[in-house]
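Each value in this text was obtained by applying a stated rule to the coordinates, not by laboratory testing. It should be emphasised that the depicted structure is a prediction, and the values quoted were computed from it without experimental measurement. So basically every Cβ, Gly included, is an ideal-geometry build from the backbone, and we count neighbours across all protein chains shown.
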Ligand code: LFR
C-alpha cells in the first residue's frame, strides 16, 4: 500500500471543486480545498466554457491541498461529458464551446441528413441528443478544426495541463457518439460522418490508468512534489458517480441527479436492440468495463435556470428551501410536462417556455412560482420513476430499489415523489458521489484499497448511509 492522500478535481456545469481525500479500507474522508463557479459566457453569439477560470480554480485547490502538508499520491479529474477542446502542438486553441450552444441543434439536424438514426444507434449505441459531440462536430461550425492536430475532452484537457499526457479516457469518450459501442474503440467511420479526420483522436485509456507525473510548471505553481501521479479516473462525472452508488447492481436502478438526471442500470454489455433506441436510452461505458444503460433526463437544470430567471427579474436572490416548501404544499392534481423537450436545452427564460409548453397543447399552465416549481419537480419525478422502471426492463435487471445520488439527493420533495410514482423505495445519497467515485478509483490504482466495484460500493455503503424514502400509497 502506497502512502498519501488523493486529490479529486470535479468540474460540474455550474461549479467546480477540488477535494482532498483519504481513502482506506475503513473509511473515506474528504476535505474541500476549493469551490469555484463555472460561469459559461456568450461571446460573439457563441456560448463558451471559461476554461481558463476553471484552470485557476484547479490550481488554487491543488495548491491549498499541497499546503495541508500531508503526502499526496495522485490527482484525478472528472467533468461533464460531450464537450471537447482543440489543441495544436500541445497548446489549447480557443475556448471550448458549450454543449448548450445552439450549433448542437443544427448539427443534430445535419447529421440526421447523412445517416439513418437506426444505423447510427446500431453503431454508437447512444440516445439521440443534440448535445452529443458527434452532433456538435457535424454542425460544421468549428473553424478551429482545420488548425487542430488533437481533440481532447474536457477532463483530458485538464489531465493534459497537469501532466502533459495526451489521451482520452474511455468512459467519457463513450459520450461522444464517436465510439463503436461493441468494440469500445474510436470509429473512423463515425468520425468521418461528423466531418472529422480520425487522426485527431488520441489513444483511449481506461479509468485507473496512471498518466504520468505533474509537469514542472504545475509543481512550481502548486508546491506539489515530484512523486504525485495524475491518474485517469472515470472521467465522465456520471461514470464516477455510478462507482459510488451504494447499490447491489443486480437489483437496483440509479439516478445521478444534478444539472442532468441520469437514470439507469448497470449491465455487462451494451444493449443495442430497437426497444432501447425507441425508449431513448443510451449505452455509456462505466468503470471496469461495465455499461451504463441509462436515459438522460434534463434534470435540475430546469429548476436552476427557472430560479436564475426569477433572480434576474427580481434583481435579488431567490431562496430554494422556502420555494420547495411552498411547492410541496401545492394541492390537487399536478399536470406534468415533457422535461426532455429540446426547447428547454438552451439558457434563457425557462418559466415562459414551460408555460408555453402547456398552452400550446391547450392545457392550463402553472402560474404561481410555487406551482411552476411543483410542476418541474413533479415532471422530473415522473420521468425518473418511469425511466428507472424502464431501465430495469430493458437491461434485464430486477429493480427493487432506486438510489438517487448527487445534489438532487438534497431535494426531499423530488426523492419522495420519485418513490411514490415508482412505487419503490428511494435511497438518497451520497450527495458527493462523483467526487467519491473519483477518489475511490485513484485510491485503488495507487494500491490504498483493493477490490471490485462491489467492494468499492460496500465501502460507500458503510461510510455514507443514505436517507430512505418509502413510497406512499
Ligand atoms: C452530467 C453529464 C451527463 C451528460 C451531460 C452533458 O453532468 O455529464 O452525463 O449527458 O452532463 O455532458
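Here are a few things to note about the model shown:
- Antiparallel bridges, percent of DSSP beta bridges restricted to the chain (to nearest 5): 70
- The packing ranking of peptides 193-205, 158-170, highest mean first, is 158-170, 193-205, where packing means the average number of other beta carbon atoms within 10 angstrom of each residue.
- Ordering of 356-364, 122-130 by packing [mean C-beta count within 10 Å, highest first]: 122-130, 356-364
- Kirkwood hydrodynamic radius of region 247-429, Cα pairs, Å: 16.9
- In terms of surrounding Cβ atoms within a 10 Å radius of their Cβ, 266, 311, 229 rank from fewest to most as 311, 229, 266.
- Averaging Cα coordinates gives a centre for region 205-241 and one for region 24-79; these two points are 12 Å apart.
- Taking the Kirkwood radius as Rh and the Cα radius of gyration as Rg, the chain has a ratio of Rg/Rh equal to 0.95.
- In terms of the mean number of neighbouring beta-carbon atoms within 10 Å, the peptides 106-117, 37-48, 425-436 order highest first as 425-436, 106-117, 37-48.
- Hydrodynamic radius of region 238-306 per Kirkwood, over alpha carbon pairs, in Å: 12.6
- Taking a ≥ b ≥ c as the square roots of the eigenvalues of the Cα gyration tensor, region 5-237 is prolate, since a/c reaches 1.5 or more and a/b is larger than b/c.
- Each stretch of four or more DSSP H residues adds -39500 (n - 2.57); spread over every residue of the chain, this sum gives -11000 deg cm²/dmol at 222 nm.
- Counting neighbouring beta carbons within 10 Å and listing from fewest to most, the residues 55, 49 come out as 55, 49.
- Inter-centroid distance (Cα atoms) of region 352-399 relative to region 450-473, Å: 27
- Semi-axes of the equivalent ellipsoid for region 411-473, computed as √(5λ) from the eigenvalues of its C-alpha gyration tensor and ordered from largest down, come to 30, 11, 8 Å.
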